[in-house]
Amino acid sequence: MAGDLHPQIELSGVYTTYMGAELPVIRDMSIDINKGEFVIIGGPNGAGKTTLLETINGMLHITHGSVRVCGLDVTRQGVEVRKKTGYVLQSFAFDPLTPFTVEHVVMMGRYGILGCFRNPSEPDYRAVEESIKMLGLEDLSEKPIGTLSGGQQQKVLIAQNLAKKPEIMLLDEPFSNLDLFTREFVSDVMTEISSKGCTICMVSHAFDALPDKDLRIVVMDEGCIHLDTFCHSSEVEDNIRKISAVS
Amino acid sequence: MLECIIPNNIVCHAVEAMLFASIACSILGVIITQLKISSIGFTMAHAAFAGAACGMFFGYDPIISAIVVSILIALLIGPLSERAKMSEDTILGVLFGILMAIAIFFIAYMQYVGKGFNASSLLFGDVISLYRGEVYALALISLLAVVFVIAFYKEITAIIFDKKIAEASGIKVKPIYHALLFMIAFTVALSLNIVGGLLLYVWLITPAAIAYQFMYDVKGLFIVAPVVAAVVSVSGAVTGLEYCLPVGPLTAVVFSVIFIISVLFSRKRRISNRKF
């Protein structure tokens, strides 16, 4: 199949600029990521890590270059790309009284795939149930999301993205609200879906719960890639520290 | 439509108007309160006001020009807020100022040249003096609003929850959000000169605010708010007409009293004394 011959994520000479900003946040970036790869994206604050994730799923405006994801041109087919791509946001804050239950929030992950004028059916409810179970949220499914702790809310958002059965999972500091045991639990979930062929791109500053295997690390600074290599999870932190110190 | 139950034409029209408009406005009210854009009500009232003043000044039918200007403003809210990168509430505030200024300018100028202009019927329509055609128009507008919300229920709830998360999940947020703002503004603008501003503002906010005190899920809000709105509005119309009391203010007061009671007894604010 043609899709298997090409990388799943292809960035070529990409520049991404925020509205109102004078300079691009991502500059002349080129990178290929293959199906099933587990990529850790590191670098200092303001390096462009979140911008890279939102460039991949087409939520930001690309001024130069091209981005292809799952064989689709992100500039023209951003919505289709987002239907195939999970994205767990870095920051979120829900009102404690917000009228959305955990189950409803997880189901929202299916809404894009369903499209307009189609209601969720049996496969959608099954996918939601599986995701909730995978993240261990069964007891919380009827609770309003605003009443949960930050870590539980983080797990709900991960479950929401898993419910769409993504081909690519983009995670922006998914461990930031989690305790050590929950980090390991979420890391195991990511390892499991990665082993099934889902590509993982994870921005993280926490390296104590990475999966025990060889990973690809990409270190960014000032919108450019400073290091792109493979190493064991135990060496990730050292590699990122070294390159960050140099840059 | 309800003549078989209510033989008196005046009461029947008032009850029908209150029923249709309260259901549609309270459903839209759930969205308005969750998106925190309650100023859309008075901004659209002033769009109609400015449109009518313009129309009068240039010799056009004030009702038609009020509707045309309201629709233009309704089309503008979404794209303007997107372009200006500001919250919808700020944009509504800006539009409110411009529209009020336009209305006052034309009214002052018409008074200066000796032309009279009475805006009260436009801003404070009267539910007890409605023609059959107006009741049908109100039913159609209300039906359109309800059908729109039902058709895009998934997308609307996702947008209410979080626009960025909705976009990331593959929903076409921008066109649906702009259509939603248009639908709210359109319904408000067209209902305004039939039922009047007072009841409209109450229906857009209070039933949703009452439902919010008790409901933990958005589906519950969409069911409870129109039920509360319909029951209180129809009771208000019947009681007002029976005892010769002003229907609009009476209904508004009843809604406010129910809101205060529901805040006092809201289970969301209850602090549990349980130890285990």
For this session: Considering only the stretch A:70-104, state which residues are more than 8 Å from chain B (Cβ to nearest Cβ), closer than 25 Å to A:LEU23 by Cβ and crowded, with 19+ Cβ neighbours inside 10 Å.
Result: A:VAL74, A:GLY78
For this session: Being more than 16 Å from the chain's Cα centre (by Cα), of a type in the set (S, T, N, Q) and surrounded by fewer than 22 Cβ atoms within 10 Å (Cβ to Cβ) is the filter here, so list the residues in the stretch A:1-56 that pass it.
Result: A:SER12, A:THR17, A:SER30, A:ASN45
Problem set entry | Meets criteria (part of a strand (DSSP E or B) and over 19 Å from A:HIS226 (Cβ atoms)) for A:GLU22 | no
Exercise. Do the conditions hold for A:VAL128, that is, is it crowded, with 20+ Cβ neighbours inside 10 Å, over 20 Å from A:VAL81 (Cα atoms), more than 11 Å from every other protein chain (Cβ to nearest Cβ) and in contact with an Asp or Glu (Cβ under 9 Å, 6 or more places away or on another chain)?
Worked result: yes
Exercise. Are any of the residues in the stretch B:195-203 under 27 Å from A:MET107 (Cα atoms) and either more than 14 Å from chain A (Cβ to nearest Cβ) or touching a helix residue (DSSP H, G or I) at 6+ places or on another chain (Cβ under 7 Å) (or both)?
Worked result: no
Exercise. Quick one: would you say B:LEU190 is in contact with a Gly (Cβ under 8 Å, 6 or more places away or on another chain) and not charged (D, E, K, R)?
Worked result: no
Seminar exercise, completed: Matching residues in the stretch B:142-156 (more than 16 Å from B:LEU181 (Cβ to Cβ) and of a type in the set (Val, Ile, Thr)) number 3
Seminar exercise, completed: Within the stretch B:160-171, of all residues that are part of a helix (DSSP H, G or I) and of a type in the set (Gly, Ala, Ser), the one nearest to the other protein chains (Cβ to nearest Cβ) is B:ALA168
Problem set entry | Flag if B:LYS268 is among the charged types (D, E, K, R), within 14 Å of chain A (Cβ to nearest Cβ) and in contact with a Leu (Cβ under 9 Å, 6 or more places away or on another chain) | yes
Exercise. Does B:THR43 satisfy the criteria of being closer than 27 Å to B:SER26 by Cβ and out of contact with any helix residue (DSSP H, G or I) (no Cβ under 6 Å at 6 or more places or on another chain)?
Worked result: no
Problem set entry | Any chance B:THR157 is in contact with a His (Cβ under 8 Å, 6 or more places away or on another chain), assigned to a helix (DSSP H, G or I) and closer than 22 Å to B:PHE222 by Cα | yes
For this session: Determine whether B:ALA168 is out of contact with any Gly (no Cβ under 9 Å at 6 or more places or on another chain) and at pLDDT 95 or above.
Result: no
Exercise. Any idea which of A:VAL186, A:VAL203 is in contact with a strand residue (DSSP E or B) (Cβ under 6 Å, 6 or more places away or on another chain) and surrounded by 20 or more Cβ atoms within 10 Å (Cβ to Cβ)?
Worked result: A:VAL203
Seminar exercise, completed: Exactly one of B:ILE271, B:ILE223, B:ILE205, B:ILE260 is surrounded by fewer than 22 Cβ atoms within 10 Å (Cβ to Cβ) and outside any helix (DSSP H, G or I), and that one is B:ILE271
Exercise. Does B:ILE150 count as in contact (Cβ under 8 Å) with a residue 40 or more places away in the chain, within 12 Å of another protein chain (Cβ to nearest Cβ) and under 19 Å from the mean Cα position of the chain (by Cα)?
Worked result: no
Problem set entry | Members of the stretch B:81-99 that are part of a helix (DSSP H, G or I) and modelled with pLDDT under 90 | B:SER81, B:GLU82, B:ARG83, B:ALA84, B:GLU88, B:ASP89
Exercise. Among B:GLY125, B:GLY114, which is the only one that is exposed (fewer than 14 other Cβ atoms within 10 Å of the Cβ) and either at pLDDT 85 or above or assigned to a loop (DSSP other than H, G, I, E, B) (or both)?
Worked result: B:GLY114
Exercise. Which pairs do you get when a residue that is closer than 18 Å to A:LEU170 by Cα, found in the stretch A:43-67, comes within reach of a residue that is of a type in the set (Phe, Trp, Tyr) and crowded, with 21+ Cβ neighbours inside 10 Å, reach meaning Cβ atoms under 7 angstrom, with the pair 6+ apart or on two chains?
Worked result: A:LEU53/A:TYR87; A:ASN57/A:TYR87
Exercise. If we scan the stretch B:210-218, do we find a residue that is among the charged types (D, E, K, R), within 14 Å of chain A (Cβ to nearest Cβ) and surrounded by fewer than 20 Cβ atoms within 10 Å (Cβ to Cβ)?
Worked result: yes
Exercise. Conditions: (1) in a helix (DSSP H, G or I); (2) at pLDDT below 85. B:HIS46 meets all but one. Number of the miss?
Worked result: (2)
Problem set entry | Number of the exception - B:LYS174 against (1) away from chain A (no Cβ under 11 Å); (2) within 30 Å of A:GLY78 (Cβ to Cβ) | (1)
Problem set entry | Positions within the stretch A:135-150 being surrounded by fewer than 18 Cβ atoms within 10 Å (Cβ to Cβ) and either farther than 23 Å from B:GLU155 by Cα or out of contact with any strand residue (DSSP E or B) (no Cβ under 8 Å at 6 or more places or on another chain) (or both), in sequence order | A:GLY136, A:GLU138, A:ASP139, A:GLY146, A:THR147, A:SER149, A:GLY150
For this session: State whether one or more residues within the stretch A:115-123 are out of contact with any Pro (no Cβ under 9 Å at 6 or more places or on another chain) and away from chain B (no Cβ under 13 Å).
Result: yes
For this session: Report, by residue number, each residue of the stretch A:114-125 that is modelled with pLDDT of 95 or more and either crowded, with 24+ Cβ neighbours inside 10 Å or touching an Asp or Glu at 6+ places or on another chain (Cβ under 8 Å) (or both).
Result: A:LEU114
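The values are calculated or read from the model by the stated rules, or taken from the named source; none is laboratory data. Values in this document were obtained by computation on a predicted structure and should not be read as measured data. Here the Cβ is made from the backbone with ideal geometry for all residues, glycine too, and neighbour counts use every protein chain on show.
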